Amino acid sequence: QVQLVESGGGLVQAGGSLRLSCAASGRTFSTYTMGWFRQAPGIKREFAAAISWSGGSTYYADSVKGRFTISRDNAKNTVYLQMNSLKPEDTAVYYCAGGLYRGSFVDTKGYDYWGQGTQVTVSS
């Protein structure tokens, strides 16, 4: 069993930055694809970014490409999401997810483990 715990959310003005962290328990973290999803009120949870088990490949939703950067440190069992040039439309609960790669980075069904989420609020 893997537990994921997010941190780093908060309130920031438009144009600002935040870095989210996701700490994972368990010895299999380094074998997992890791992703970040987000969910705004009344909206379906959507893909934001993902990173392969080695960190060699990254993937981004068009809405965050060029502004967000996903990275991981397998020695620390942690994945990060650096968010720059934040916009009010980035406001959401951000969830960390992990699992063995099954052919899709963007589908929530491709992940086995989820964190509890961390709120990000961007004011205009």
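The values are calculated or read from the model by the stated rules, or taken from the named source; none is laboratory data. Since the structure is predicted, the reported quantities are computational estimates derived from the model, not experimental observations. Quick reminder, even Gly has a Cβ in these numbers, built from the backbone with ideal geometry, and neighbours come from all protein chains shown. These area figures cover heavy atoms from the full protein model, side chains too; ligands, DNA and RNA do not enter into them. Shrake-Rupley method; radii C 1.70, N 1.55, O 1.52, S 1.80 Å.
Given the structure, is LYS87 out of contact with any strand residue (DSSP E or B) (no Cβ under 8 Å at 6 or more places or on another chain) and open to solvent by 60 Å² or more (accessible area, probe 1.4 Å)? So LYS87 fails the test. Does at least one position in the range 51-59 carry a residue that is at pLDDT 95 or above, among the aromatic types (Phe, Trp, Tyr) and open to solvent by 70 Å² or more (accessible area, probe 1.4 Å)? Within the range 51-59 (the criterion being at pLDDT 95 or above, among the aromatic types (Phe, Trp, Tyr) and open to solvent by 70 Å² or more (accessible area, probe 1.4 Å)), the answer is yes, since at least one residue qualifies.
Within the range 22-59, the set of residues being touching a residue at least 40 places away in the same chain (Cβ under 8 Å) and of a type in the set (Gly, Ala, Ser) comprises ALA23, ALA24, SER25, GLY26, SER30, GLY35, ALA40, ALA48, ALA50, SER52. For ARG102, indicate whether it is open to solvent by 40 Å² or more (accessible area, probe 1.4 Å), modelled with pLDDT of 95 or more and touching a helix residue (DSSP H, G or I) at 6+ places or on another chain (Cβ under 7 Å). Considered against the rule, which asks whether it is open to solvent by 40 Å² or more (accessible area, probe 1.4 Å), modelled with pLDDT of 95 or more and touching a helix residue (DSSP H, G or I) at 6+ places or on another chain (Cβ under 7 Å), ARG102 comes out as no.
None of GLY35, GLY42 is over 20 Å from SER17 (Cα atoms) and either surrounded by fewer than 22 Cβ atoms within 10 Å (Cβ to Cβ) or out of contact with any His (no Cβ under 7 Å at 6 or more places or on another chain) (or both) except GLY42.
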